[in-house]
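Q: After the C-alpha cells below, expect a handful of questions from me.
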Protein chains: 2
Amino acid sequence: MKKADKFVKNAAGRTVPTLVNGEKVVPFKGVNGYKPKHRGAAPRVPTCIDYPKDGNKLVKTLKDALQKSGLKDGMTISTHHHYRNGDYIANLVFDIAAELGVKDLRWVPSAAFPCHAPIIKHLDSGVVHHIEGSLNGPLGDYCSHGKMKGLGYLRSHGGRYRAIADGEMHIDIAVMCASASDMMGNANGVNGKHPFGPMAFTKADVKYADRTIVVTDTLVDFPCYPWEIMGNDVDFVVVLDEVGDPEQIVSGTTRITKSPDRLLIAENCAKFIDAAGILKDGMNFQAGAGGTSLAFVHFVKKMMQEKGIKARSMVGGSTKFLVDMLEEGLTDYIFDGQTFGLEAISSLRDNPNHIPIGIFDIYDFHAKGNLAQMMDVIVLGSTEVDVKFNANCVTHSDGRMLHGIGGFQNCLLAKCTMIAVPSFRDRIPVIKDEVTTLVAPGELVDVIVTERGIAINPQRKDLIEATQDSGLPIKDIKELKAEVDEICGIPEKPKLSDEPVAVVEWVDGTILDMIRKVED
Amino acid sequence: MKKADKFVKNAAGRTVPTLVNGEKVVPFKGVNGYKPKHRGAAPRVPTCIDYPKDGNKLVKTLKDALQKSGLKDGMTISTHHHYRNGDYIANLVFDIAAELGVKDLRWVPSAAFPCHAPIIKHLDSGVVHHIEGSLNGPLGDYCSHGKMKGLGYLRSHGGRYRAIADGEMHIDIAVMCASASDMMGNANGVNGKHPFGPMAFTKADVKYADRTIVVTDTLVDFPCYPWEIMGNDVDFVVVLDEVGDPEQIVSGTTRITKSPDRLLIAENCAKFIDAAGILKDGMNFQAGAGGTSLAFVHFVKKMMQEKGIKARSMVGGSTKFLVDMLEEGLTDYIFDGQTFGLEAISSLRDNPNHIPIGIFDIYDFHAKGNLAQMMDVIVLGSTEVDVKFNANCVTHSDGRMLHGIGGFQNCLLAKCTMIAVPSFRDRIPVIKDEVTTLVAPGELVDVIVTERGIAINPQRKDLIEATQDSGLPIKDIKELKAEVDEICGIPEKPKLSDEPVAVVEWVDGTILDMIRKVED
C-alpha cells in the first residue's frame, strides 16, 4: 500500500497527494467547490435471528468479543474519546490484538490523547498500521517524525462522521465504552460508577460499523435509559472492572485563564460581539471549555446580566460555568457533545434543558445544514494564523503535530467565527505570512483577536462597519503582524522534509493540506 | 408494470406471487428462514452548500415545496399517521399532484385511515398508482375490490422501517407534518397549536428519503426542541393554517371496554400472566390503546397494586391510563410510539420518564435485537385465529381488507404473545380451521384468550405446565372451536377470486400471504 503518490497543488495552493494509504483522494477545490455525487454508506443488514432471543449479549472478555466479531489483519477499529485522557479501552484493544497476533489494523479513534502513548509499541510492531483521527501529544509527535507505516489522516469531528456516513471510512469493529449498559447493549455515559457525559462521538460508529461492542464497568437492569447507544445496534456487551477515569477528562481545561493577556483577549472578543450587534437576546453561541473560551463566556455572561438578555442556546463542551448560566436562566438550552466535570454530567443527566447532541447534528457538512452554522458566534483557539486569515490548530511553528484537529473546521461555518490567540508564544509570533499547516481557509475566519489588537477579515465589511466607532483596537492584520515581528523578530522556518506524514481533510472530504516530516 | 406474476406456494403453504408491482420478491421461507445477505440502503448524500446559510428553509406553499423537491411521475411519496384519522396532509399532497398533472405516484404512508378516502379519486384518475402501507376502512375496501392499479403491499410498522433501511422501498419525497417546527426544520409533535405526540413513524423517512418536507401550523424560534426531526435532515419547511386534528387521533380507542364478554377476556389475560409467573416485579410489557387492551392493563394494574410490585417499563400507544400508572409509581418508564389523548401528550412532553421511541428501536427485525422481543407479554386483538394458532388482523371473514396491519407482526417477537378475541362476532366464529389471511404465523402465537376459554399453543409446554393448576378455563383450541361452531354453525367461505389485490409481507421482507379480490 502506497502511503502517498502523485502530488498536485490544490485550490488553496497547497501541495497534496492524490493517493493516500492506497486510496484515491480528491484535492481541496475551494470552500464550496466540491459537491458529492455518490450515494452514502450502505451498512451491513443484520437480523434478529442472529442475536439472542432474550437480549443477553454479554460475553466474558473483550478478547472473546473481538474474536466473535471476527477481528483479523487489516481491519478498521474505532473507539471514542469521551473519557479523553482517561480512556482505558483503546490500549486494551490493541494489547489484545497483539496477543492474538493480528497485524495491520487501522485505528480510527474520534481522538487520541497522551494516555494512548502505549499504542506506539503496536505501531512499531505492525499491529497498528496507521491512525486516522484527531491526534494529540505523543502520537502526533510520533507521526510527525515519519514513524507511522501509513499516513496520518486528520479529519475534523464532523469530517469523521461524514467520512463514515459517506462510505469513505468503513469501520469493521467499533469498541464503545459506556459508563452504564444493560445486557442488550442499551448504554449511556451519564449513569454508572464512572460517568463521562454525552456520547456524541459514538453515533456514526454504532450505526455503520459491521460489529459494535459495548464495554462498561456498570451493568444495569434492562432497559438502561437514557440509551445514547441502542441495544438494537450492538453485537456484544463486555463488563470490565474499569473502562476509564473521568478525572482525566478535564486535564488542563475548564478553568478560566488567569493570564492577564488572555483575559484581555477574551474581553476583547466579548466587547467585539457587543459592538458588532451579535450580543443580543435570543443569540445562539458555542462556548468552548478552554481557558480563554471560558473567560470569553465569563465576560459575555456579565454583559448579558447587565443588559438583561438571555441566550436561546449555548453549545458545549459544557462545564460548571455553562450549567450555572442555564440554572440562572441566562440560556434556554445547553446542547452538549462533550462534558467537562461532574457538575456538568449531573446537569446533563437531570436537567431536561441540558441536551446531548450528536456529531451529525452539530457538525456534519454533508447534511441539509447543521447546528454550527446556526451559531451567531464561535470563539476558537489556534496555534498559528496568517495574514490571509488562514489558521492552523494542529502543528506548532516547528512543524510538530501536537494538537487535535477536533471540531475546529466545523465551527468555521458559524455566522461569526473568531480566533482568539496571543500575538506571540515563547517569543514566537503567532501571526505568520503563511500558516505551517492549513486547517482553516481564511475566507471562513471572520475575526482574529489578540491582546494587541483585533483584525477583521476584509471580506466582512458588515463587521468592519458595525465596529468602526467602537473604540476597540481594530487593526489591519499586516499592521498587527508587523508590530509583533518588531518585538519578536521573524523566526526561522521549521526544518521540514518534502515527505508527508499526514494529510488534513477539509470538511467535505477533499484534501486541504499535508503535514511534512519534521527533520530534527 | 405487472401487478403480480409466477405464483408459488410458500413455506406457510400460502400461494403468493414472486413478482409484485414489477419487482421480484422472495416468498416466505419460515419464521427464521430468511437471512439478508445484501447491504442496506445508501441514501443520497446532501451538502450544506445546497442549503441556506442562515438555515431558513421556509417556502410559501406545499406546492412550491413539492415542485422544488422535483415531484414527477412515478415517484414514491411518504406521509406519517400520527394524527391518525385527523391527518390533513396526505389528501393535500395528492390534490396538489393532481393539479400539477403528475401521474403514477406510489403512496407509502405509515398507515392510511378513513379520512384518506378522498384519495380514492386520485387512484381512479391515475394520480396515485397504488398504496403500500397499513390500510384501514374505505381504502382497504377499495383495494379489496381490485380497483387499485397496483397491488396493495401490507408491511408491519417494523417491516416498513426495514424496507426503507434495507433499500427495498426508496422514498423520493417524505412529507412530514409536525405540530411545531423552526425555519430550519427542527420539529416535534408535542409543542404548537395541535400536538399529537411522538414522531416514531418519521424516523426512516427523514433519514432515507431524497427530499424531506416538514409541514406545520406552528412556527417557533430556532431551535425547536425537542427535535424528533432534525433540521439537518430537512429540505423545506411549509407553514399552513392547519395540518391535522388531534381530536381524531383517539377515534374509537382509549376507553376501557364496557362489554362484559370483553372484560372477561381481559381479566382472563391478566389472570393468565399471573398464573404463568409473568406478572412480576420488574416486568416489561406492551399495553395497547384498544378497549380490551386497556381493560387488560386495568386488571394488571389492580394485581400490581395488590402484590406491591411495579413494572420496569410499559410500551405504548400511551393513554391517560398508562400515564396515571407512571405517575403512581407503577412503572419506571413509558416508551411511546403513538400517543392517545392530551394527558398523554403533556406527559410525553413534560415527564422525563415518558419517552418517545422510534420504530427501529421497538420493531425492526433487521436489527441486532429489538425492544419488542424484550417484552414479557404483549396482548393483541385479531379478526380471526385458527386451530394452528395462526392469526389474521387485516381481513374480515368475508375477505374484505378493513383493518390496518400496524405493529401486529412485530409484537409476535415478545416472550409471551397473547391474542385476546371474542369467540364469535355477529354470530360468525372467530376461530377458524384456517385464517382467511395469514398475518401471524401460529408458531409465534403463544396464547389465545376468549370469553369462553384460553388455548395455549402446544409448543409452549412451559406455559401449559405453569398454568395447569390455575383453575383458569384452559382448553384445547379444537375443543374451543367445536364449542363455538356448535353455537354459531360453520359459516360459508367468503367468495374470493384467484386474483390478488394485495400482499402481506413478513417482518423479514418475504411474502407471507396474498389477499384475493372480493367477489360481490
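The values are calculated or read from the model by the stated rules, or taken from the named source; none is laboratory data. Predicted model, so just to flag it, every value in this text is computed and none were measured. Heads up, the Cβs are rebuilt from the backbone with ideal geometry, glycines too, and the neighbour counts pull from every protein chain shown.
Q: Out of (1) more than 14 Å from chain A (Cβ to nearest Cβ); (2) over 19 Å from B:Glu242 (Cβ atoms); (3) surrounded by fewer than 21 Cβ atoms within 10 Å (Cβ to Cβ); (4) modelled with pLDDT of 95 or more, what's the single condition that is false for B:His170?
A: (1)
Q: Mind checking whether some residue in region A:175-188 is within 14 Å of another protein chain (Cβ to nearest Cβ), in contact with a strand residue (DSSP E or B) (Cβ under 6 Å, 6 or more places away or on another chain), assigned to a strand (DSSP E or B) and among the polar types (S, T, N, Q)?
A: Within region A:175-188, one or more residues are within 14 Å of another protein chain (Cβ to nearest Cβ), in contact with a strand residue (DSSP E or B) (Cβ under 6 Å, 6 or more places away or on another chain), assigned to a strand (DSSP E or B) and among the polar types (S, T, N, Q).
Q: Suppose the filter is part of a helix (DSSP H, G or I) and at pLDDT 95 or above; does A:Val484 pass it?
A: Yes, satisfied.
Q: Working only within region A:122-140, note down all residues that are assigned to a strand (DSSP E or B) and of a type in the set (Gly, Ala, Ser).
A: Once the filter is applied, which keeps residues that are assigned to a strand (DSSP E or B) and of a type in the set (Gly, Ala, Ser), region A:122-140 yields only A:Ser134.
Q: Next up: Examine region A:89-104 for a residue that is touching a residue at least 60 places away in the same chain (Cβ under 8 Å), farther than 18 Å from A:Ile213 by Cβ and small (Gly, Ala, Ser), and state whether such a residue exists.
A: No, there is no match, as no residue in region A:89-104 is touching a residue at least 60 places away in the same chain (Cβ under 8 Å), farther than 18 Å from A:Ile213 by Cβ and small (Gly, Ala, Ser).
Q: Does region A:276-303 hold any residues that are among the aliphatic types (A, V, I, L, M) and in contact with an Asp or Glu (Cβ under 9 Å, 6 or more places away or on another chain), and which are they?
A: A:Ala276, A:Ile278, A:Leu279, A:Met283, A:Ala295, A:Val300, A:Met303
Q: Find the residue count for region A:53-62, including only residues that are in a loop (DSSP other than H, G, I, E, B) and more than 7 Å from chain B (Cβ to nearest Cβ).
A: The number of residues fulfilling the criteria is 5.
Q: Which of the residues belonging to region B:456-476 are touching a helix residue (DSSP H, G or I) at 6+ places or on another chain (Cβ under 7 Å) and without any contact (Cβ under 8 Å) to a residue 60 or more places away in the chain?
A: B:Ile456, B:Gln459, B:Ile474
Q: Out of everything in region A:342-354 that is within 14 Å of chain B (Cβ to nearest Cβ) and touching a strand residue (DSSP E or B) at 6+ places or on another chain (Cβ under 6 Å), what residue ends up being farthest from A:Lys320 (Cα to Cα)?
A: A:Asn353
Q: Now for a different question. Taking the stated definitions as given, is B:Arg106 in contact with a Lys or Arg (Cβ under 8 Å, 6 or more places away or on another chain), surrounded by fewer than 23 Cβ atoms within 10 Å (Cβ to Cβ) and at pLDDT 95 or above?
A: No: the conditions fail for B:Arg106.
Q: Further, regarding this structure: Name the single residue, out of those in region B:149-167 being away from chain A (no Cβ under 14 Å) and of a type in the set (Lys, Arg), that is surrounded by the fewest Cβ atoms within 10 Å (Cβ to Cβ).
A: Only one residue tops the list, namely B:Lys149.
Q: Restricting the search to region A:188-214, which residues are under 23 Å from A:Tyr363 (Cα atoms) and aliphatic (A, V, I, L, M)?
A: Correct list: A:Val190, A:Met199, A:Ala200, A:Ala204, A:Val206, A:Ala209.
Q: Report those helices (runs of 4 or more DSSP H) wholly inside region A:355-471 carrying at least 1 residues which are out of contact with any Ser or Thr (no Cβ under 7 Å at 6 or more places or on another chain) and within 14 Å of chain B (Cβ to nearest Cβ).
A: By residue number, A:359-363, A:461-467.
Q: Within the group A:Tyr88, A:Tyr83, which residue is surrounded by fewer than 22 Cβ atoms within 10 Å (Cβ to Cβ) and under 20 Å from the mean Cα position of the chain (by Cα)?
A: A:Tyr88
Q: Assigned by TED's automatic domain parsing to the domain that holds B:Leu58 and in contact with a His (Cβ under 7 Å, 6 or more places away or on another chain): is that true of B:Phe201 in this structure?
A: Here the answer is yes, as B:Phe201 does meet what is asked.
Q: Another one. Among the residues of region B:157-211, which ones are in contact with a Lys or Arg (Cβ under 6 Å, 6 or more places away or on another chain) and acidic (Asp, Glu)?
A: B:Asp210 - this is the single residue of region B:157-211 that is in contact with a Lys or Arg (Cβ under 6 Å, 6 or more places away or on another chain) and acidic (Asp, Glu).
Q: Considering each residue of region A:36-59, count those that are over 30 Å from A:Glu168 (Cα atoms) and without any contact (Cβ under 8 Å) to a residue 24 or more places away in the chain, and give that number.
A: Number satisfying all stated conditions: 3.
Q: I need the full set of residues from region A:2-48 which are loosely packed, with under 13 Cβ neighbours inside 10 Å and either away from chain B (no Cβ under 14 Å) or of a type in the set (Lys, Arg) (or both), in order please.
A: A:Asp5, A:Lys6, A:Val8, A:Lys9, A:Gly13, A:Gly22, A:Glu23, A:Lys24, A:Lys37
Q: Consider region B:431-463. How many of its residues are surrounded by 20 or more Cβ atoms within 10 Å (Cβ to Cβ), over 16 Å from B:Met418 (Cβ atoms) and either at pLDDT below 95 or out of contact with any Cys (no Cβ under 9 Å at 6 or more places or on another chain) (or both)?
A: Residues meeting the conditions: 4.
Q: Let me ask another. Look through region B:61-75, keep the residues that are touching a residue at least 60 places away in the same chain (Cβ under 8 Å) and surrounded by fewer than 20 Cβ atoms within 10 Å (Cβ to Cβ), and return whichever of them is nearest to B:His170 (Cα to Cα).
A: My answer is B:Gly70.
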